[in-house]
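What follows is a single structure, written as structure tokens, with notes after it.
The values are calculated or read from the model by the stated rules, or taken from the named source; none is laboratory data. No experiment lies behind these values; they were computed from the predicted model shown. Please note: Cβ atoms are built from the backbone with ideal geometry, for glycine as well, and neighbour counts cover all protein chains shown.
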Amino acid sequence: MRRFPPEVIGKVIKLRKSGRSLSEISRITGVSKNTVYHWVIGIELTPLQKARLHKKEITCGKKGLRKAHKIKRAKKLKWKKGLISRVKQYGEMVNKKSAFAKLICGVLYLCEGAKYPSSKQMIFGSTDPRLIKTFLCLLRNNFVIDEKKIRCRIMHRYDQDGEQLNKYWAHITQIPLRQFYKNYRDKRTKGLVTKKPGYKGICAVQYNSVDLQYELQLIGESLYLIKD
């Protein structure tokens, strides 16, 4: 066990009597906090000194909490960047004309598209502009389509401005406004206020081709493990 000279012990006791915290004493003298504790355990602090230390504990606690949050945010950011780096290759593959991109398009259609034979034209709908944009990019890159035959219909809540929504979705889809059908305004929401921020209604992209529709559907269904 390490032995300390009397003057060090005396300094520790003096600092404690002056109202210093264990951490402060340890930092000033170089003596471990645990050793300091055993040397000063019998020293009674004044109410004013106790109040000062309590306030300091709260302040240090807040600083420690902010530091912990900062470290946590940094770790989370590093984690996200690592995952983004690992999956970046898939985005690059999808952006190119390929069998893989065609497969992804079919899978998206299987999830969000109208199915044959209940419907006999391609209809793909979503409230997510990223999904609509991605589907159209895959469709345009990997299938032969006539841009003039693409149609779009926006279904939205009663209190929303249909004209503004059409302009928004025309920008997202790169489909001219002249190729938009009349909006569907949901009468069930009449008198109700749209509270969800950023809600732009449902965008339904349509293409009058049962051949394209069924091809997309079959591409998606090709992944099924259990066949009929």
Query raised in the report: Given the conditions (1) within 25 Å of K97 (Cβ to Cβ); (2) touching a Gly at 6+ places or on another chain (Cβ under 9 Å), which single one is not true for N208?
Result: (2)
Query raised in the report: Looking at the range 114-224, what helices (runs of 4 or more DSSP H) fall wholly within it and have at least 1 residues that are over 32 Å from the mean Cα position of the chain (by Cα)?
Result: 210-221
Query - Test result for K88, outside any helix (DSSP H, G or I) and closer than 30 Å to N141 by Cβ - result: no
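So that you can scan it fast, the table gives a plain yes or no per residue for (1) surrounded by fewer than 16 Cβ atoms within 10 Å (Cβ to Cβ); (2) more than 23 Å from G61 (Cα to Cα); (3) free of Cβ contacts under 8 Å to residues at least 24 places away in the same chain:
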position	(1), (2), (3)
P5	yes, yes, yes
V12	no, yes, no
G30	yes, no, yes
N34	yes, no, yes
L45	no, no, no
Query raised in the report: With (1) touching a Lys or Arg at 6+ places or on another chain (Cβ under 7 Å); (2) buried (at least 17 other Cβ atoms within 10 Å of the Cβ); (3) free of Cβ contacts under 8 Å to residues at least 60 places away in the same chain; (4) closer than 26 Å to S98 by Cβ as the list, and H156 as the residue in question, which single condition is left unmet?
Result: (4)
Query - Selection within the range 111-129 - within 22 Å of I172 (Cβ to Cβ) and either touching a Gly at 6+ places or on another chain (Cβ under 9 Å) or without any contact (Cβ under 8 Å) to a residue 40 or more places away in the chain (or both) - result: C111, E112, G113, A114, M122, I123, F124, G125, T127, D128
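Taking the range 113-131 on its own, how many of its residues are in contact with a Phe, Trp or Tyr (Cβ under 6 Å, 6 or more places away or on another chain) and farther than 9 Å from V210 by Cβ?
2
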Requested in this report: Run E92 past the list (1) exposed (fewer than 10 other Cβ atoms within 10 Å of the Cβ); (2) modelled with pLDDT of 85 or more and report the number of the one that doesn't hold.
Outcome: (2)
**Report entry** Members of the range 190-218 that are at pLDDT 95 or above, hydroxyl-bearing (S, T, Y) and farther than 17 Å from V144 by Cα
**Finding:** Y199
**Report entry** Any pair with Cβ under 7 angstrom, 6 or more apart, that starts in the range 130-150 at a residue that is free of Cβ contacts under 8 Å to residues at least 60 places away in the same chain and over 12 Å from A204 (Cα atoms) and ends at one that is small (G, A, S) and surrounded by 15 or more Cβ atoms within 10 Å (Cβ to Cβ)
**Finding:** L138/A101; N141/A101; N142/A101
